[in-house]
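First up is the structure itself, then whatever we jot down about it.
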């Protein structure tokens, strides 16, 4: 006896089979925009770039020149223009992005920015910004770039990169991590001078107010400190807001189409040139 199968049921089976074939033909299905999985080439970028930097050593006593910028976020066209301009600068050792690599803490955003910046003729390093921490940003940044707090020595200069995005931690007293930062600032690890780089400056309301005084005091007491550098405000500035001898330098965002060429020599001497692109 032949069993009758309604037409709609037959077509449903065909559609299901086609859908299954379509899925099996894909190498990767992205189930969520918050998925932080990326190809291996886009992981551990901080360590990889520092390895490249170590392969280009700066002899002791030589003048250091690097590019400082911040807040790349969604400004991909500007990123291309910035890279083209930086590649024309002579004597640059590396580039620093002062946080907010992404706008929504998404892996695809961080990957897109890296695709632009890996065309630089020099390595680059980053510090985490408040936008990089939103949504699934914390594991994403850690997976793609690396640690939120780290330091390295290049030539005669120690660089300390610190997470100061207090508001993203609900001002719970963990950012900046003063227990980690104080020992970092107290020793130069064989360097002659040091530079501290973060995203949110202590003058901003997004900095944990309970940690502002200890942070500023730790900088004031740090031996050989040239300056503290940050992003977040999207505009260039340089000054000593606390009138304590510590200079704070704020970067332009990519959208402002300016970056800084920073030259450091001697014990604490420096020069900053703002470049339009």
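Determine whether the stretch 37-55 contains at least one residue that is modelled with pLDDT of 95 or more, closer than 23 Å to residue 104 by Cβ and part of a helix (DSSP H, G or I). Yes - at least one qualifying residue is present in the stretch 37-55.
Based on this model, can you work out whether residue 194 counts as in contact with a helix residue (DSSP H, G or I) (Cβ under 8 Å, 6 or more places away or on another chain), surrounded by 17 or more Cβ atoms within 10 Å (Cβ to Cβ) and within 17 Å of residue 153 (Cα to Cα)?
Yes.
With respect to the conditions (1) closer than 29 Å to residue 57 by Cα; (2) more than 22 Å from the chain's Cα centre (by Cα), residue 242 lacks only one, and its number is (1).
Of all residues in the stretch 91-113, how many are farther than 22 Å from residue 262 by Cβ and more than 10 Å from the chain's Cα centre (by Cα)? Steps first, please.
Residues of the stretch 91-113 that are farther than 22 Å from residue 262 by Cβ, as a first pass: 102-112.
Now drop any that are not more than 10 Å from the chain's Cα centre (by Cα), which leaves 103-109, 111-112.
Matching residues across the stretch 91-113 total 9.
The residues in the stretch 126-150 that are part of a loop (DSSP other than H, G, I, E, B) and crowded, with 23+ Cβ neighbours inside 10 Å can be counted, and the count is 5. Looking across the stretch 60-79, the residues that are crowded, with 23+ Cβ neighbours inside 10 Å and not in a strand (DSSP E or B) come down to 71, 72, 73.
Scanning the stretch 152-167 for residues that are touching a helix residue (DSSP H, G or I) at 6+ places or on another chain (Cβ under 8 Å) and surrounded by fewer than 22 Cβ atoms within 10 Å (Cβ to Cβ) gives 152, 154. Pairs are defined by a Cβ separation below 8 Å, a sequence spacing of at least 6 or placement on different chains, a first member in the stretch 127-147 that is on the phi > 0 side of the Ramachandran plot, and a second member that is at pLDDT below 95 and outside any helix (DSSP H, G or I); the pairs so defined are 135/34. Evaluated against (1) out of contact with any strand residue (DSSP E or B) (no Cβ under 8 Å at 6 or more places or on another chain); (2) on the phi < 0 side of the Ramachandran plot; (3) surrounded by fewer than 23 Cβ atoms within 10 Å (Cβ to Cβ), residue 107 falls short on exactly one condition, (3). Filtering the stretch 189-209 to residues that are more than 20 Å from the chain's Cα centre (by Cα) and touching a residue at least 60 places away in the same chain (Cβ under 8 Å) leaves 192, 193.
Is it the case that some residue within the stretch 102-123 is part of a loop (DSSP other than H, G, I, E, B), closer than 24 Å to residue 237 by Cβ and in contact (Cβ under 8 Å) with a residue 60 or more places away in the chain? Looking for residues that are part of a loop (DSSP other than H, G, I, E, B), closer than 24 Å to residue 237 by Cβ and in contact (Cβ under 8 Å) with a residue 60 or more places away in the chain, one finds none in the stretch 102-123, hence no. Restricting attention to the stretch 218-241, the residues that are surrounded by fewer than 16 Cβ atoms within 10 Å (Cβ to Cβ) and either in contact (Cβ under 8 Å) with a residue 12 or more places away in the chain or farther than 19 Å from residue 268 by Cβ (or both) add up to 7.
The rows are residues; the columns are (1) at negative phi; (2) touching a strand residue (DSSP E or B) at 6+ places or on another chain (Cβ under 8 Å).
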site	(1), (2)
152	yes, yes
158	yes, yes
165	yes, no
173	no, no
177	yes, no
180	yes, no
185	yes, yes
188	yes, yes
203	yes, yes
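A single entry from 123, 90, 57 fulfils the requirement of being surrounded by 16 or more Cβ atoms within 10 Å (Cβ to Cβ) and closer than 30 Å to residue 266 by Cβ: 123.
The values are calculated or read from the model by the stated rules, or taken from the named source; none is laboratory data. If you're wondering where the values come from, they're calculated on a predicted model, not measured in any experiment. Positions of Cβ are generated from backbone atoms using ideal geometry, with glycine treated the same way; all protein chains shown enter the neighbour counts.
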